[in-house]
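FYI, it's all coordinate maths here, none of it is from the lab. These numbers were taken from a predicted model, which means no experiment stands behind them. All Cβ positions, glycine included, derive from the backbone under ideal geometry; neighbour counts span all protein chains shown.
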Amino acid sequence: MPPAGEDPHTRTALAAHQAGALRWLGGGGIAVVLGVLLGWAGTALADGGRRVPGLGLLVIALVLLGIAGVVAGTGALLRTRRWHRALAVTPWQRGRLRIAGPAVIAFEPEGFDELDPMQEPVRLQLLSTAVWRTRAVQALDGGEVRAAPVGDGQWVLTAEGLPTLYGARLTRR
């Protein structure tokens, strides 16, 4: 089987994931710079005897939210690169997805026999905390998906027609 990274759908989904990471990183950086500039301008206004109510809180909010955006973007960018490297050598495994809880899923690879007590599905927990991503995966219950391990107990899954990849990690029993 060819590696998952050779699939055009996978390449497109990885590029979209990377673009989202760069948006978070860039937006967070812009917010931090804007907060610093606004703080500097507020200080200059205050030195001139003019005070702007609420400006300090706005500066703090911009800087803190900007830092959060930079952290989220950096993490997503690192995750995208790790997925890209892993999917360049790992083929997709086809199988069925079963929902076991709000963010807990079970992947049953092709040939899985639920009546065989020696076989266990791959139990995963979604990495995303976004409600819309969780609901999108829950809508795949019983459907055919493609999944691949990407290292350190983490997996990536997608399905035909989905424009994105979903990250998950192995759950502890």
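Rounded if a/c is under 1.5, else prolate if a/b beats b/c, else oblate: with a ≥ b ≥ c from the C-alpha gyration tensor eigenvalues square-rooted, which is the chain? Judged from the Cα gyration tensor, the chain comes out prolate (a/c at least 1.5, a/b above b/c). The simple spin-label model puts a point 7 Å past each Cα toward its Cβ; for Gln125 and Trp40 those points are separated by 4.4 nm. Ranking His84, Ala31, Gly142 by Cα position along the charge dipole of the stretch 1-158, where only Lys, Arg, Asp and Glu carry charges on their C-beta atoms, puts Ala31 farthest toward the positive end. Short to long, the 5 Å bins of the Cα pair-distance histogram for the stretch 93-170 hold 3, 16, 29, 29, 16, 5, 2, 0 percent of all pairs. What shape does the stretch 4-87 have by the C-alpha gyration tensor, where a ≥ b ≥ c are the square roots of the eigenvalues, rounded means a/c under 1.5, and otherwise prolate means a/b greater than b/c and oblate the rest? Prolate, because a/c is 1.5 or more and a/b exceeds b/c.
Working ranking of peptides 136-145, 66-75, 107-116, 47-56 by packing, defined as the average number of other Cβ atoms within 10 Å per residue, highest first, is 66-75, 136-145, 107-116, 47-56. Listed by Cβ neighbour count within 10 Å, with the fewest neighbours leading, Met118, Met1 appear as Met118, Met1. At an R0 of 45 angstrom, the distance between the Cβ atoms of Val52 and Leu22 translates into a FRET efficiency of 0.85. Rounded to the nearest 20, the size of the Cβ-charge dipole of the stretch 93-170 about its Cα centre is 420 debye, with Lys and Arg at +1 and Asp and Glu at -1.
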